[in-house]
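A quick write-up on the structure given underneath.
Laboratory data are not the source of any read-out in this text; all were calculated from the coordinates shown. As the structure is a prediction and not an experimental result, all values here were calculated from the model. Positions of Cβ are generated from backbone atoms using ideal geometry, with glycine treated the same way; all protein chains shown enter the neighbour counts.
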């Protein structure tokens, strides 16, 4: 059975989806994966696993888009700052 560790859980305020980031480790070894679970409207889930290199690339691309957009619209530096 896979070992799953929850890294963070948060909500998208515009669609009210619950997003959970998990680290998944397989009992037979191998590379740990990042699992992204998106729960919509109570029962519907989107779940996918991502390797570390893809996760890093995706994170960099999202941050490159998000930083200037947030700054242009007067948003705090992170959602942590907004809390």
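Miscellaneous remarks
- When the Gaussian network model of the chain links Cα atoms closer than 10 Å, the mean-square fluctuations of 57, 49, 28 top out at 28.
- For the chain, the longest principal axis of the Cα atoms and the long axis of helix 52-72 meet at an angle of about 10 degrees.
- Separation in nanometres of the label points that stand 7 Å from Cα toward Cβ, at residue 36 and residue 8: 1.3 nm
- With the highest mean first, a sort of the peptides 32-42, 58-68 on other beta-carbon atoms found within 10 angstrom per residue produces 32-42, 58-68.
- Taking every alpha-carbon pair within the chain, the share separated by more than 15 Å comes to 69 percent.
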